[in-house]
Each structure stands twice: as C-alpha cells, then as structure tokens.
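Notes follow the structure.
The values are calculated or read from the model by the stated rules, or taken from the named source; none is laboratory data. Since we're looking at a predicted model, the values are computed, not measured. For neighbour counting, all protein chains shown are included, and Cβ atoms are generated from backbone atoms with ideal geometry for every residue, glycine included. Just so you know, the surface numbers come from the protein's heavy atoms only, side chains and all, with ligands and any DNA or RNA stripped out. Shrake-Rupley method; radii C 1.70, N 1.55, O 1.52, S 1.80 Å.
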Amino acid sequence: MKGERFLAVILSYLSQMAIPGSLGVLLWLIFRPLRLSFRRRKNLQPGPYRERGLLILFLFLAGLLGLTLTPPGFWTDWMEGNRPALLRPFQGGINLIPFRKSWALFCYYVRHGLWDAVWVNFPGNVVIFLPIGLFAGLLSDKPRWWKGTLWSFLLSFGIEIEQLFVSRGTDIDDMILNTLGGLGGYLLYLLLFRIDPDFTDKFKCVKVESFHE
C-alpha cells in the first residue's frame, strides 16, 4: 500500500509537469532553425542524438519550471476543472539555516511512517535535478563537472526566490540537494562515457569542412 501511494505521488508530479512541458516542445520547434543556423556558421554538424536530447531537455525544464513556479496544487486544480487558487506572496516561509529544518522534518516523517514524503522531499530533490547535470555533460562540446553543477545551483536559486511570490516555502536545503543532483547528473554522464563513449559522442557536434546547400 505504501509503495502504491508513493507511485501515485510520483505519477501525479509527472502528469503536472506534462502540461507545461508541452510549451518546452513548442520552444524547441521555434528555436531549432536558429540553433542549426548558428551551428552551420561555425561549420558544426549536430550529432544524430543531439536534437532529441535537446528536445527532452526543453520538455523537462518547461515541466520543472511549470511545476515549481506555480502555487501548490495549481495544475491539479486545473486538471480537475477547478479554478486554481492564487495565494498572496510571502506566505510559504523561509529557511536559511542549512539542514536544521530538514532534519526536524525528516524525523517527523520517520516517526509517523510517512516514507513516501521522505522519498519525495529528500532523494526526490536530488533526482529531479539529475537531468541538468546529465545533459550538461552530453550536450556540451567541452564537458566539465562544474557546468551542470553551476546551472543546477543557479536554476534552483531562481526557483527558490520566485517561490516567495507563489506561497511556496523557500528553503536553502532544497538548493543544496538540487545542486547535488546536478553534480550527480554529471557523474552519471561520466559513467555513461566510461561504459560507451561512442554513445555519448552521438550527442556532440561534429566539425565539418563546409556545408553545401
């Protein structure tokens, strides 16, 4: 039963991300000619997997931002045909002391057997940012561990600041876990590179002599 409840929570988050994620697909389509033109001017040919990777990244980022930059329950209300509640800003609380609040919350969840909340709030905040570090490694011409980690930190920082205005809690621990997720994503890229470098090379751009129309 607990496993089913946890799975239901994960599927709920994914379904909420799918709605704004469609905007990411639209942006991918709009900017694709500009990206390809820019690469051609530099005599670069995208690898066969690169555009698919970018599509997945656009979809994921749009879904993530749509989920985290809206008030709690916004997409659930919308999917159920209800009018989403627009709450006043600065109602979600702020935590600037690392680990103190999270440890208290973790102990509360464990004490009451709320293991689905434990997985969603702690490992979940790491896992949700794994794609940032992973795709930073796959799509970068010169992969570096700090690129995905820095992008994860900046993205998480922006989300936490904006959440002040949508009545979500702003928590430094979320930033720490998200940033670790970005680093973990890069380590996952390194693992893929060690196992099958030919596969990871498919996401890179190839230098060519010239393009013929």
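Of note:
- Built amide H within the under 5 Å cut-off of residue 95, gap 5+: 170, 171, 172
- The helix-based estimate of mean residue ellipticity at 222 nm for the chain, built from -39,500 (n - 2.57) per DSSP H run of four or more residues and divided by its residue count, is -22500 deg cm²/dmol to the nearest 500.
- Carbon and sulfur %, accessible surface of the chain computed with the full protein complex present, 1.4 Å: 69
- Taken along the Cα-to-beta-carbon direction at a fixed 7 Å, the label points for residue 115 and residue 127 span 1.4 nm.
- The chain: translational diffusion in µm²/s, Stokes-Einstein, Kirkwood Rh over Cα pairs, 20 °C, 1.002 mPa s: 112
- Placing 160, 209, 80 in order of accessible area, with the largest value first and a 1.4 Å probe, yields 209, 80, 160.
- Pairwise label distance in nanometres, residue 193 with residue 43, each label 7 Å out on the Cα-Cβ vector: 2.5
- Counted charge near residue 154, where neighbours are those whose Cβ lies closer than 12 Å (Asp, Glu -1; Lys, Arg +1): 0
- Inter-part distance where segment 153-208 and segment 89-147 are each reduced to a Cα centre, Å: 11
- Each of 127, 118, 9 has its accessible area taken with a 1.4 Å probe; listed largest first, they run 127, 9, 118.
- Using 0.36 nm per residue and subtracting the Cα-Cα separation, the extra length available between residue 107 and residue 69 on full extension is 10.9 nm.
- Using bins of 5 Å that start at zero, the share of Cα-Cα pairs per bin across segment 130-213 amounts to 3, 16, 20, 17, 13, 10, 9, 6, 3, 2, 1, in whole %.
- Other residues within the sphere of radius under 12 Å centred on the Cβ of residue 92, judged by their own Cβ, net out at -2 (K and R +1, D and E -1).
- Summed over the residues of segment 150-213 and divided among them, the accessible surface reaches 58 Å² per residue at a probe radius of 1.4 Å.
- Relative contact order of the chain: 29 percent, from C-alpha pairs under 8 Å at least 6 residues apart in sequence.
- Those chymotrypsin sites (Phe, Trp or Tyr not before Pro) in segment 19-119 that DSSP places in a loop and that have at most 12 other beta carbons within 10 Å: 90, 99
- Near residue 205, the amide H atoms lying under 5 Å from its own belong to 47; only residues 5 or more places off or on other chains count, and H is placed 1.01 Å from N.
- Rounded tilt (10° steps) of 2-41 against the dominant C-alpha axis of the chain: 30
- Here the dipole of segment 21-80 is about 760 debye; that uses its Cα centre as origin and unit charges on the Cβ of Lys and Arg (positive) and Asp and Glu (negative).
- Residue-span extension gain [residue 35 to residue 146] - 0.36 nm each, minus C-alpha spacing: 37.6 nm
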